[in-house]
Amino acid sequence: EVVSNGAVNSTAPTLVSASLLAFDPTANHLDAALYWYAYGLPIVPTMPDTNQIAVSSDTWLVELSHEKIVQHWSQHADHGVALIPGDDYVVFCTDSQESRDALAAIFKNVEAWPNMVVKTAIDTHTRFKVAKGANTNQLTHNIEKHFAHIGVIAGKSPVILPPSKGSTLSLDMAKNVGELTEATQAFIDAVSLHNGTADTDCVAAPDAGKPP
């Protein structure tokens, strides 16, 4: 998964539900967009079955509203839904057993337990709110060479939200952004340290290029 660096000053949605019902995995893209908007996430539409943003995210996120979402998805029902992390959210991607084990070890060491996990067709996305004062460094990784790497997505790079591209929620304990677990600087630094170690210590696994 290739991601590009960048930062965005995301405009928080004006509608944030105190507590939402569980996400409906059978929801169409419009209903899903309204759900994630009410959840409190800065969402954007994507081209069908891709991670490509269908609009200018900077322009779209200005005065994002229920009506704006309904208008767009009523005209483009096949558009997917994605999160723009900006400076407020960070997504950790694991696409091998080694990377999943490494991330689990970091959870234990820093005592930060995730409460929102999305399973995609090729990897697992563990999503956090960025703690106040913490900085994220966006990294890319090549599983063929660094199968133990933990991918980090932040800034302007879109991250798909269920049900886009067949993604599903495998852990759904936070009912709005206020309940998301925070990634502290210690957590982020631990991931960076792990990836730096993986660069020098890891040898490609025989089936490293294949999804787990």
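The values are calculated or read from the model by the stated rules, or taken from the named source; none is laboratory data. Everything numeric here is computed off the predicted structure, so don't read it as measured data. Quick reminder, even Gly has a Cβ in these numbers, built from the backbone with ideal geometry, and neighbours come from all protein chains shown. All accessible areas refer to the heavy atoms of the entire protein, side chains included, with ligands and DNA or RNA removed. Shrake-Rupley method; radii C 1.70, N 1.55, O 1.52, S 1.80 Å.
Short version: ³J(HN,Hα) in whole Hz for each residue of the range 117-130, in order, from phi by Karplus 6.51 cos²θ - 1.76 cosθ + 1.60 (θ = phi - 60°), x for Gly and Pro, what are they?
After applying 6.51 cos²θ - 1.76 cosθ + 1.60, I find 10, 10, 9, 9, 5, 10, 7, 10, 10, 9, 10, 9, 8, 7 Hz.
Non-local amide H neighbours of Ala54 (under 5 Å, H modeled in plane, Pro and chain starts lacking H): which ones?
Those qualifying (amide H under 5 Å, at least 5 residues apart or on another chain) are Thr46, Met47.
Quick one: of Lys108/Lys175; Lys119/Lys165; Lys108/Lys165, which pairs are farther than 19 Å apart, Cα to Cα?
Working: Lys108/Lys175 23 Å; Lys119/Lys165 10 Å; Lys108/Lys165 31 Å.
Result: Lys108/Lys175; Lys108/Lys165 exceed 19 Å.
If amide hydrogens are placed 1.01 Å from N in the peptide plane, which non-local residues have theirs closer than 5 Å to the one on Leu161?
Distant-sequence amide H within range of Leu161: Val81, Ala82, Leu83.
Just the accessible area per residue of the range 82-135, please: how many Å² with a 1.4 Å probe?
I get 40 Å² per residue for the range 82-135.
Across the range 157-172, in residue order, what do the Karplus-derived ³J(HN,Hα) couplings come to in whole Hz, using 6.51 cos²θ - 1.76 cosθ + 1.60 with θ = phi - 60° and x for Gly and Pro?
6, x, 10, 4, 10, x, x, 4, 6, x, 6, 9, 7, 9, 9, 9
Just flag the trypsin sites (Lys or Arg not before Pro) in the range 61-134 sitting in loop per DSSP whose Cβ has no more than 14 other Cβ atoms within 10 Å.
Counting only loop positions with at most 14 other Cβ atoms within 10 Å, the trypsin sites (Lys or Arg not before Pro) in the range 61-134 are Lys132.
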